[in-house]
Amino acid sequence: MRKVRSTAKPVSFFLAILMIVIFTPYQVVLAKMVTAETLLDAGRVSDARAYVHSVLSREDVKAALVAKGIDVREAMMRTNALSDAEILAIADRMESLPAGGSTGETIIIVSLIVFVVLLVTDIMGYTDIFPFVKKKQA
Amino acid sequence: MSGLGWFLLILALCSAIAGCGRSTGINWSSPSRDLEKSYLLNDIPFFPQVESQCGPAALAMALVWSGVPVSPDDLASEVFTPSRKGSLQSAMIGAARRHDRIAYGLSEPEALIDEVAAGNPVIVLQNLGLSWYQVWHYAVVIGLDLAKGNVILHSGTTPHKEISLTVFERTWARSDYWGLLVLPPHRLPANAKEKEYLLAVSHLERLGRWDIAADGYTTALSRWPDSLPAAVGLGVCLYRRGDLAAAEAHFRDATVKFPHEGVVYNNLAQVLIDRGNKAEARQAVLTAIEIGGPLKADYERTLEEIQNR
């Protein structure tokens, strides 16, 4: 028994030190410089948000949304809730449409917005239109 | 599939439907351009392609023109995908960067004229076949003869190949007018857009090519002296390559030039703490936090780091 103790002692001593080393919140200090890429990405996202906002504020789009029974303010609030990736995808889609407020363009924009609003609310579990959306657990 | 996955999928479907009505056609005869003129770049080397390796050949022409001594053989392993008997566009872009060159995509088809007029060769992707029988091909545009209505290409096994604008436009349109400039870091595209150019430079920064990226940012600053991302990018490159004194001076100047941008104070703080100047570093990052903005969380992390030292 004594022999066991005398060998165990240095081992446990070693293990105790090892544990301290492992669990001490020691941070490797890494430079956290903000890069040009980060700046450019941040700019792209805020540009996209501003752009979607400006489209939503257009009179023809507003009128078409109201005609479809959609509250413009609510639509705007819901697009605000979209993630960066989602808003970039929508802005890309809107931007690639032919310019000039033709009726065709307005229809596409409105269907895009209706789709976004309904899909997002589906994901959030407020509505249940798209069967493929897995609902957020309440 | 996640909600976002479905979202993007359906968005893609929407775009496929809406995309059909897209009007095409290049406006070759814009009033700002001199129609009578013809442009021919005489300093573009020609490499004939072997088998289906038009990608390596086209890229080699552009790279050698830009001052990188390579042969299509050297590039084949970097860009050619044997199973597809071709070279992907992303591989072409990646290879240009691996050879320390700035890969800049043509922003619009009409820019081709400006680039050639400015002496920059453009790699273009054409579909020489039809939409249902695809023959993809890379060629280098080396000249334009607008009076005769011709484009001059280094293409395949033919140097100085002249084809009519109409045919060229049709074959080029099928790649959605994909065009690529391969430029040394001191040369701006004729049609350079600030954000696109800086993004192209930042990819070199990510590859760890600090010197080349620094040159690119310097070039950008000569064109857009008030560009914050360019100033930040140059400072970060100086810092990354270990030139702390220069980086400190650079960010100090930047705080004078951009006194309302937190990011320059944050980066200055980082340089200062690395140089052992804790008191000033703290002061700088506190200024950054006070200014705030979308990157405030990053500044707070810097402060935490400074206090842990």
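With a ≥ b ≥ c the root eigenvalues of the C-alpha gyration tensor of region B:254-309, is it rounded (a/c under 1.5), prolate (a/b larger than b/c) or oblate? Judged from the Cα gyration tensor, region B:254-309 comes out oblate (a/c at least 1.5, b/c at or above a/b).
How far, in degrees from 0 to 90, does helix B:54-65 lean away from the longest principal axis of the Cα atoms of chain B, to the nearest 10? Roughly 60 degrees between the two axes.
Per residue, the accessible area of chain B comes to 46 Å², computed with a 1.4 Å probe over protein heavy atoms only. The listed residues B:D215, A:D92, B:D298 rank as A:D92, B:D215, B:D298 when sorted by accessible area, largest first, using a 1.4 Å probe. In region B:193-220, comparing the full protein assembly with the chain on its own, the residues that lose 20 Å² or more of accessible surface at a 1.4 Å probe are B:K195, B:L199, B:S202, B:E205, B:R206. The residues neighbouring A:A42, those whose beta-carbon lies less than 14 Å from its own, together hold a net charge of -2 under the Lys/Arg +1, Asp/Glu -1 convention. Summing Lys and Arg as +1 and Asp and Glu as -1 over all other residues whose Cβ lies under 14 Å from the Cβ of B:V64 gives a net charge of -3. Helix B:244-257 and the longest principal axis of the C-alpha atoms of chain B enclose an angle of approximately 90°. Only Cα sites of chain B enter the Debye sum here, all with the same form factor; the resulting log10 I(q)/I(0) across q = 0.08, 0.14, 0.16 1/Å is -0.47, -1.06, -1.20, listed in q order. For chain B, the longest principal axis of the C-alpha atoms and the axis of helix B:228-240 are separated by about 70°.
Can you bin region B:69-166 into rounded, prolate or oblate? Criterion: square roots of the alpha carbon gyration tensor eigenvalues sorted a ≥ b ≥ c, rounded for a/c under 1.5, prolate for a/b above b/c, oblate for the rest. Could you put the intermediate results ahead of the total?
Working: a/c = 1.80, a/b = 1.30, b/c = 1.38.
Oblate shape, in that a/c is at least 1.5 and b/c is the bigger or equal ratio.
Over region B:194-307, what percent of the accessible surface lies on carbon and sulfur atoms, probe 1.4 Å? Looking at region B:194-307 in its full context, I get 49 percent from C and S.
Taken as Cα centroids, region A:32-56 and region B:161-222 sit 21 Å apart, rounded to the nearest whole angstrom. Look at the alpha carbon pairs under 8 Å that are at least 6 residues apart: their mean separation over the length of region B:194-307 gives a relative contact order of 17 percent. Annotation for the B:A interface, with buried accessible surface near 3000 Å², both sides summed [1.4 Å probe; non-protein components not counted].
Would you kindly work out the equivalent ellipsoid of region B:185-309 from its C-alpha gyration tensor and give its semi-axes, the square roots of five times the eigenvalues, largest first in whole Å? Display every interim value, and only then the final one.
On the way: eigenvalues 136, 46, 29 Å².
Semi-axis lengths for region B:185-309 are 26, 15, 12 Å.
The values are calculated or read from the model by the stated rules, or taken from the named source; none is laboratory data. Fair warning: this is a prediction, and the values are worked out from it, not measured in the lab. Ideal geometry is used to build each Cβ from the backbone, glycine not excepted, and the neighbour counts take in all protein chains shown. Side chains included, ligands, DNA and RNA excluded: accessible areas come from the protein's heavy atoms. Shrake-Rupley method; radii C 1.70, N 1.55, O 1.52, S 1.80 Å.
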